[in-house]
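Pasting a structure below so you can have a look.
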Amino acid sequence: MSTNDEIHVSVRFYAESGEELGVPVVLPASTTSEQLSALCNEFLEKQDDPIPVSFRTADGIDIVESIAASLKEGLDTEKGVSLVYLPQAVFRVRPVTRCTSSLPGHSEPVISVQFSPDGKHLASGSGDKTVRLWDLNTELPCATGKAHTHWVLVIAWSPNAKKLASACKNGEICIWDPNTGAQVGRKLAGHKQWITSLAWCPLHNDPTSRLLASAGKDGNIRIWDTVRGVTERILSGHTASITCLRWGGEGLIYSGSQDRTIKVWRVSDGVMCRSLAGHAHWINTLALNVDYALRTGCFDPANGCRYPGDQEAAEVALTRYNAAKTNAGGVELLVSGSDDFTMFLWEPATKNKAIGRLTGHQQLVNQVVFSPDTRTIASAAFDKSIKLWDGRTGKYLTSLRGHVQAVYQIAWSADSRLLVSGSADSTLKVWDMRAKGLLIDLPGHGADVFAVDWSPDGERVVSGGKDCVLKLWRQ
């Protein structure tokens, strides 16, 4: 085709909030995403210090190479193209490509692994009744917590990174000091059966990370004062085991249960505000669109996860929470995944009815996670696939296929450009969110990979599973 015959199309740019940017421009259909980005930065008056931008049509199609290549037959030259511009993280996380350490030590399968919010510490919980802390500078073990008398089912870092909570099958909770590995205070005992979920109060509401919520098989949620070692409040209302817990940034706790409901609780007085029904089977997993900001509190990967000091910590955490919420359209959204193969998207603070029902998985949903930029939901299921959904509407985007057995757990990189998954097929896989496909295959484990996490500073991925070994992966 000669240049004279080139197709031109009218392009309009919109912010995620719906405001139009600049004026409609007529561009060749061969305009690349880089050229669109330069134009968008001019409209934003950022040409001196351009920000990375990606583009998506109203139908959820990403402009990857050029307008024509991405839209193909869907290109309507008469109507033109409306593009939503999506500012991306200024820092970049590089994909992990190799295993730098295999860390033996646990004598039973590794059930949970988690980096601290500042990315400086790593903890793991196992069926061998221990919690282990690992030194990330030397990639060697640094402490083993032996206070539990049964399998350690769940661990959770406080958002100020100064405490680690762990809970076991006997229904007891221990608090650990990550710097010494010593247990802090006495065991928190009160649950009649095993604990399935722990959630710390967000840093902007609790600057010293005193309050911890726990829930489990007995159907009760307990809010603990971890300094005094006592139960502050018991929230009861579920009629079966609670499987997952989220502590939101606006004073609400969300709990998902095998009684097929999600309940919304007001922390200040323990009142149950609403019960969200719709799932036809057990609820396995919950995620908030602001989870990443709540988990990392005052630690921003853009400045190397530096601690701002006790005075400023809560302010910085509040600023980051509000920025994440604004990015998400100003509301805290919750997504739930279930044994009924479906997911629901909720606006739990104000609405009883779901915003959307997300269908497509062929087997039960193990885990759902919002990307740090709140724009995408990823779900992992027993049908061997990972599916991606729009973080505001729940609209289906695409499926990531490559695992040959169930996908147990997934984790986003801090810049939302990459996703890592762990599976029963003993591999980890790194997925590229721009190309929506497999980037790197990471074999190495001897059996199922149950747990995986990506450090908040983006440096490392950790995985653990049935072979009792922790593996650290880096660039």
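Contour minus end-to-end for T149 and K46, with contour as 0.36 nm per residue of separation and end-to-end as the Cα-Cα distance? Intermediate results must be reported in sequence, preceding the final value.
Working: separation 103, 0.36 × 103 = 37.08 nm, distance 5.79 nm.
The span from T149 to K46 would gain 31.3 nm if fully extended.
Give, rounded to the nearest 20 debye, the magnitude of the charge dipole that region 181-222 has about its Cα centre when Lys and Arg contribute +1 at Cβ and Asp and Glu contribute -1 at Cβ. All intermediate terms of the calculation are to be shown ahead of the outcome.
Values: 6 positive and 2 negative charges, 39 e Å.
Magnitude of the dipole: close to 180 debye.
Sorted by mean Cβ packing within 10 Å, highest first, what order do the peptides 440-447, 196-203 take? Before the final figure, lay out each step's value.
Working: 440-447: 15.5, 196-203: 24.0.
Ranked from most to least packed, the peptides come out as 196-203, 440-447.
Using a 1.4 Å probe over the heavy atoms of the protein chains, calculate the carbon and sulfur portion of the accessible area of region 106-261 as a whole percent. If you can, show how the numbers build up before the last one.
Numbers: 2570 of 5520 Å².
Percent of accessible area from carbon and sulfur atoms in region 106-261: 46.
Now for a different question. Taking a probe of 1.4 angstrom, what is the accessible area of T100 in Å², to the nearest 10?
50
Mind checking region 283-332 for trypsin sites (Lys or Arg not before Pro) that DSSP puts in a loop (not H, G, I, E or B) and that have at most 15 other Cβ atoms within 10 Å?
Numbers: sites: R295, R306, R320, K325; in loops: R306.
Those satisfying the criteria are R306.
Going toward the positive end of the dipole of region 98-474, with +1 on Lys and Arg Cβ and -1 on Asp and Glu Cβ, which of S455, A380, L472 do you reach last?
It is A380, whose Cα lies furthest towards the positive end.
Magnitude of the Cβ-charge dipole of region 8-87, K/R +1 and D/E -1, about the Cα centre, nearest 20 debye?
Details: 5 positive and 14 negative charges, 35 e Å.
Using Cβ point charges on Lys, Arg, Asp and Glu, region 8-87 gives about 160 debye.
Right, another one. Given Cβ point charges of +1 (Lys, Arg) and -1 (Asp, Glu) and nothing else, what value in debye, to the nearest 20, does the dipole of the chain about its Cα centre take? Present the calculation step by step, with values, prior to reporting the outcome.
Numbers: 49 positive and 51 negative charges, 368 e Å.
That gives a dipole near 1760 debye.
Between helix 33-43 and the chain, what is the angle of the helix's C-alpha long axis to the longest principal axis, kept within 0 to 90° and rounded to the nearest 10?
The angle comes out near 90 degrees.
Can you tell me the order of 61-74, 114-127, 353-366 when each peptide is scored by its average per-residue count of other Cβ atoms within 10 angstrom, highest first? All intermediate terms of the calculation are to be shown ahead of the outcome.
Numbers: 61-74: 14.8, 114-127: 24.1, 353-366: 17.1.
Highest to lowest by the protection proxy: 114-127, 353-366, 61-74.
Mind listing the long-range amide H neighbours of S338? Cut-off is under 5 Å, sequence gap 5 or more, other chains count too, H placed in the peptide plane at 1.01 Å from N.
Residues meeting the amide H criterion: N284, V365.
Given P159, S275, S82, which one lies farthest toward the positive end of the charge dipole of the chain, if we put +1 on the Cβ of every Lys and Arg and -1 on the Cβ of every Asp and Glu?
S275
Additional query: Once you have the Cα-Cα distance between R401 and K72, take 0.36 nm times their residue separation minus that, and quote the gain in nm to one decimal.
Details: separation 329, 0.36 × 329 = 118.44 nm, distance 2.32 nm.
So the extension gain works out to 116.1 nm.
A further question follows. Of the options L252, S10, F370, report the single residue whose Cα projects farthest towards the positive end of the charge dipole of the chain (beta-carbon charges: Lys, Arg +1; Asp, Glu -1).
L252
If Lys and Arg each add +1 and Asp and Glu each add -1, what is the summed charge of the other residues whose beta carbon sits under 15 Å from the beta carbon of W151? Display every interim value, and only then the final one.
Working: positive: K129, R132, K146, K169, K217, K466; negative: E108, D128, E172.
Here the count lands on +3.
At 0.36 nm per residue, and after removing the present C-alpha to C-alpha distance, how many nm does the segment from D310 to K353 gain when stretched out fully?
11.5 nm
Continuing with this model, one more query. Please compute the net charge surrounding L86, taking Lys and Arg as +1 and Asp and Glu as -1 over other residues with Cβ under 12 Å from its Cβ.
Values: positive: R56, R375, R392, R417, R434; negative: E16, D62, D373, D390.
Computed value for this residue: +1.
Provide V271, V335, V26 ordered by accessible surface of protein heavy atoms (probe 1.4 Å), highest first.
Details: V271 60, V335 0, V26 100 Å².
These residues rank, largest area first, as V26, V271, V335.
Next question. With everything on Cα atoms, drop me the angle between helix 310-327 and the longest principal axis of the chain, reported from 0 to 90° to the nearest 10.
The angle comes out near 40 degrees.
The values are calculated or read from the model by the stated rules, or taken from the named source; none is laboratory data. Bear in mind that the values here come from a model prediction, so they are computed numbers and not experimental data. Neighbour counts run over all protein chains shown; Cβ positions are idealised from the backbone, glycine included. These area figures cover heavy atoms from the full protein model, side chains too; ligands, DNA and RNA do not enter into them. Shrake-Rupley method; radii C 1.70, N 1.55, O 1.52, S 1.80 Å.
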